[in-house]
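The values are calculated or read from the model by the stated rules, or taken from the named source; none is laboratory data. In this text the structure is predicted, and so the values were computed from the model without any measurement.
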Amino acid sequence: MRGKRKVIKMEKEVLQGALDLTMIAKALTIGVGSIAPALAIGKIGSKAMESIGRNPESAGKILTPMLLSAAFAEAVAIYALVVAFTIK
């Protein structure tokens, strides 16, 4: 009986360790997966403001492609979020 309790306790510890690793995997997935989109969106905004500063009349032509590029970059972060949710 005593050996059985020890085995059950060890199984619970292994399960708890697996849950901890799962949480670490989820955190790393979303953390690493959001670094590149964050840098890309920052670069997109920076270059858009730089080009509008050089040529203010082109603001209307620059805004739409800038927003589309930022949306596509943000989609990568959303994919990382979906992958993090699917890790079991």
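Inside segment 9-30, can you point out the residues that are aliphatic (A, V, I, L, M) and either modelled with pLDDT under 70 or not in a helix (DSSP H, G or I) (or both)?
Correct list: MET10, VAL14, LEU15, ALA18, LEU19.
Within the group LYS6, LYS88, which residue is in a helix (DSSP H, G or I) and at pLDDT below 90?
The match here is LYS6.
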